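The values are calculated or read from the model by the stated rules, or taken from the named source; none is laboratory data. Computed from a predicted structure; not experimentally measured. Note: ideal-geometry Cβ built from the backbone for every residue, glycine included; neighbour counts use all protein chains shown. Only protein heavy atoms, including side chains, enter the accessible area calculation; ligands, DNA and RNA are left aside. Shrake-Rupley method; radii C 1.70, N 1.55, O 1.52, S 1.80 Å.
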Amino acid sequence: MQVKIVKFFTDWYHAYKEKHIAKMKEQGKCPVCRGHGFSTITSPYTGNTIDCHLCNGTGLYAEWEKNK
């Protein structure tokens, strides 16, 4: 029973992820930062935003695809 539940959630997550990537590709946006070019983090040791490491801060899908 537990294996079926884990498989269900794993399959659901992968389908969700693929749908998100397809949507971002259609819009030309980086799937990680959603086209913003940066990510917001909460930490007492760093600033609030950092450049997206997969699109190099451009926010573009093409740059993300090249670096993934």
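Values for this structure:
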| quantity | calculated |
| --- | --- |
| Condition met for Glu18 (buried (at least 16 other Cβ atoms within 10 Å of the Cβ) and either acidic (Asp, Glu) or touching a Leu at 6+ places or on another chain (Cβ under 7 Å) (or both)) | no |
| Output for region 41-57, where each listed residue is over 20 Å from Asn67 (Cα atoms) and open to solvent by 100 Å² or more (accessible area, probe 1.4 Å) | Thr42, Pro44, Tyr45, Asn48 |
| Unique residue being touching an Asp or Glu at 6+ places or on another chain (Cβ under 6 Å) and open to solvent by 60 Å² or more (accessible area, probe 1.4 Å) when the list is Phe9, Phe38 | Phe38 |
| Residue check, Lys66 in a helix (DSSP H, G or I), charged (D, E, K, R) and modelled with pLDDT of 95 or more | no |
